[in-house]
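First comes the structure, then the notes that go with it.
The values are calculated or read from the model by the stated rules, or taken from the named source; none is laboratory data. Just so you know, these numbers come straight off a predicted model, no measurement behind them. Please note: Cβ atoms are built from the backbone with ideal geometry, for glycine as well, and neighbour counts cover all protein chains shown. For the accessible areas, the whole protein counts, side chains as well, though only heavy atoms, and no ligand, DNA or RNA atoms are used. Shrake-Rupley method; radii C 1.70, N 1.55, O 1.52, S 1.80 Å.
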Amino acid sequence: MLTSFVLAAQPQQQIDAAKAAYQQGDYTKAAELWQALALDGNTTAQFELAKLYSLGHGVEQDALQAAYWLEQAASNSTDFAESARARQDIVQGVADLREAQAAQRSEPEIQAPVDTPATAVATTAAAITTTTAVKAATPVAPAAALAIKAPELPVLAVAEASFDVGLRAFGRQNYVDAYSHWYPLAQAGVVDAQFNLAALYANGHGVAVDDSAATAWFNAAAEQGLAQAQYQLALAHANGKGVAQDDALAVYWYQKAAAQQHVLAQYNLGFMYANGRGVTQDEASALLWYERAANQGDVDAQYIVAGRYQTGRGAPVDINKAIGWYQRALEQGHSRAGFQLAQFYLTGQGVSKNENRAFDLYNRAAAQGVTEAQRELGISYSLGRGVRANDSKAVEFLQLACDKQDLAACYHLALHILEGRGIKADAVRGAQLLQRAANEGNSEAQFRLGVMLSQGQGVAVDETAAFGWLLKAAEQGHAEAQYLTGLRLANGTGTAQNDAEAVKWYRAAAEQGVLYAQYNLGFMYGAGRGVAQDDEQALYWYTKVAEQGDADAQFNLGLRYETGRGVRQDDQQAVAWYQKAAGQNHLRAIAHLGYMYEKGYGVSLDEKRALALYQQSLPAKVPRALTALGLFYKNGRLVKADDKRAVELFAQAAEQGYANAQYNLGWMYEYGRGVAKDLVKARDLYQLAAEQSEPLAQAQLSRLLNP
């Protein structure tokens, strides 16, 4: 009893040791242990060995060996559930391997996934795992078209050959014996033998790799309707491997295999239609075949179908279908599908907006190495988008993506470095990152770099270079850059002064809603700079700005309604706009509003209110308000008369060239009110006012000169 127990326990200990080695990543040791047990007939080891050959863990990846050991295990096992689990593990493992390999390839564009063939070269053919009876030797048409080589190794007579014996020999890696059994059967027309013989030539098992011989035998099996052979033959024609490259023939054989539900044939047929290879390009047909492969569970096809419904390639845009296919691909671990779904949740397109869900999906895709997801994860941490803000984490993920040449990530990383958020502030390094992104066409980086060059932040001030970067960003449609480009052209900063070009860029920015660009465009129309003078256009742009709450525009609009410039004169409209600007403490508007109250224009006359508004506007030194307030003090109206204060106010307005103030100040000098009497000064002030057609000054000057 004891002896029996020890003998039974020993294989279990080896299995445990193999599992431990596998979990620790020592696949070679695991393979050695499972190989020994598998040869002894241990079904668990045979299942595990099949998995290793499928994944290429610890052994060279070999689909034939995987199929052999899976068949051995399945035929020896009485546990159907164990067999099913093993097959499922292998399928999932291969899917995971394909996903990992796909992640290493150049990734497709985010919004328009690029269709790629399922494989670029003929894949290792899988061994047929069902026993096929020997058929009578009959001529095989393809063998005549593609010459069959004479056997290179000793072969048995057809009556002595056995497909199953060959399969077992193959499992023991005795390829010569496998060849000796399969070759005569293949010649006799046994389709499974033809396919497996082709695989031996394709992989160099027991014979030298010979693509021509492999293709000839694939052709023989394909002509008999074997889908796997038809698919391999299509690959050979598509890639010119063992046969002349011929896309039309590739399409023909893909269609044959696809009609038998061969998933990779369906996928590659979609590729051929998408790219017009061997067939007229047809996006609808491409989608049809991709979708058939996707329905069979091909994760790459699911991702491509989702992208096509998202962008409307081959069918109208259908966001719901796109999301559904991305979700199915995600369930199979497709990293980029997760990233795309995150984009939908972030924007709320096709789903309820959910930044937390978006963050979780970004996090998953970032862990799988998707560069764009790492960038978006960094931005999420930076903005507190779907997660608590964490500048250190933001820098960590932005740096990961930037190191992979994601220029948008480099831009956001530069902002953190410039602001010292989550990392030590470094204007020089920040500028270098911006330069890197700007050189590759990132408009935000170009804009920021232009601003930094104009301010000397992290770089020496260089107005010419600043203008150059702002112009580059403007040409890409960056609204703020368009405004600053127009401003620099209008002022001749860093470039030659050019009003017409300034108007062009002001207009571009104004049409994107940039407030200051709209205001300046109104100014250019009003002044006739760079464009024909047009008060109506000036009014149009000032009104757009004023309606958005800009106090300067509101004041200018009030002034236009008061004077009737470019619009029908309307005191009530003038008062309304002055009041809006005054509500934002716009001092010039306050001064003009005081005038409207003093005169009763557009509002009930109210001198007390006018006086208060004039006094409130004093810091702005508006000539009209200074002069009016001076008259209040000169005449003692609502305030105690004060000639000196009146003179002071008149003088401030007169210095600005205001004719009515010059007249009133001259009058004070003529009569010695608030100042020593001085007829010469009075005459000179009258002269200045008279030159501006001030009628009272003209009359006083005439009286002085003609006593």
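Before moving on, here are some points about what is shown:
- Å² per residue, accessible surface of the chain at 1.4 Å: 45 Å²
- The chain, Rg to Rh (Cα coordinates; Rh as Kirkwood inverse mean 1/r): 1.28
- A dipole drawn for the chain from +1 and -1 charges on Cβ atoms has a positive end, and of 322, 470, 338 the residue lying farthest that way is 470.
- Toward the positive end of the charge dipole of the chain, with +1 on the Cβ of Lys and Arg and -1 on the Cβ of Asp and Glu, the farthest Cα among 201, 176, 549 is that of 549.
- FRET efficiency for residue 706 and residue 527, using Cβ-Cβ distance with R0 set to 35 Å, rounded to 0.05: 0.30
- FRET efficiency, 1/(1 + (r/R0)^6) with R0 45 Å, evaluated for residue 465 and residue 563 via beta carbons: 0.55
- Size of electric dipole in segment 364-512: Cβ of Lys, Arg +1 and of Asp, Glu -1, about Cα centre, debye, nearest 20: 420 debye
- Approximate shape of segment 396-479 as ellipsoid semi-axes (Cα gyration tensor, √5λ), whole Å, largest first: 21, 15, 9
- The base-10 log of I(q)/I(0) for segment 263-399, evaluated at q = 0.11, 0.16, 0.22 Å⁻¹, reads -0.44, -0.79, -1.15 [Debye formula, identical scatterers on Cα atoms, solvent excluded].
- Gyration tensor (alpha-carbon) shape descriptor, segment 389-436, a/c threshold 1.5: oblate
- Dipole in debye (nearest 20) - the chain, about Cα centre, beta carbon charges: Lys, Arg +1; Asp, Glu -1: 2780 debye
- In the chain, helices alone account for a calculated mean residue ellipticity at 222 nm of -21500 deg cm²/dmol, with every DSSP H run of four or more residues adding -39,500 (n - 2.57).
- The modelled label-to-label distance between residue 680 and residue 604, using points 7 Å beyond Cα along the C-beta direction, is 5.3 nm.
- Phi-derived couplings, Karplus 6.51 cos²θ - 1.76 cosθ + 1.60 at θ = phi - 60°, listed residue by residue for segment 328-344: 5, 5, 4, 4, 9, x, 5, 5, 6, 5, x, 4, 5, 4, 4, 4, 5 Hz, with x used for Gly and Pro.
- Förster radius 56 Å - calculated FRET efficiency between residue 275 and residue 576, Cβ distance, rounded to 0.05: 0.30
- Within segment 383-398, backbone nitrogen closer than 14 Å to the virtual label 7 Å beyond the Cα of residue 429 toward Cβ: 392, 395-398
- The apolar share of the surface of the chain, taken as the fraction of accessible area on carbon and sulfur atoms (1.4 Å probe, ligands and nucleic acids excluded), comes to 49 percent.
- Full extension of the chain between residue 283 and residue 493 yields a length gain of 70.5 nm, computed as 0.36 nm times the residue separation minus the alpha carbon distance.
- The label-point distance for residue 476 and residue 615, in a model that sets each label 7 Å from Cα toward Cβ, rounds to 5.6 nm.
- Projected label points at residue 367 and residue 208, each 7 Å from Cα along the beta carbon direction, are separated by 5.0 nanometres.
- Stokes-Einstein, applied to the Kirkwood radius of segment 351-461 over Cα pairs at a viscosity of 1.002 mPa s and 20 °C, places its translational diffusion at 152 µm² s⁻¹.
- Subset of 404/424; 321/353; 608/677; 580/644; 599/644; 51/256 violating a 27 Å alpha-carbon distance limit: 608/677; 580/644; 51/256
- Along principal axes, Cα extents of segment 156-201, largest first, whole Å: 25, 20, 14
- Rounded to the nearest 10 Å², the accessible area of residue 237 at probe 1.4 Å: 10 Å²
- Here's the list of aspartates and glutamates a cross-link from residue 241 could span, going by alpha-carbon distance under 18 Å and ignoring same-chain residues fewer than 8 apart: 210, 211.
- The chain - percent relative contact order, Cα under 8 Å, separation 6 or more: 4 percent
- Counting only residues at least eight positions apart within a chain, or on another chain, the lysines with an alpha carbon under 24 Å from that of residue 472 are 504.
- C-alpha long axis of helix 80-104 to longest principal axis of the chain, angle in °: 50 degrees
- Volume of the convex hull of segment 182-284 (Cα atoms only), normalised per residue: 81 Å³.
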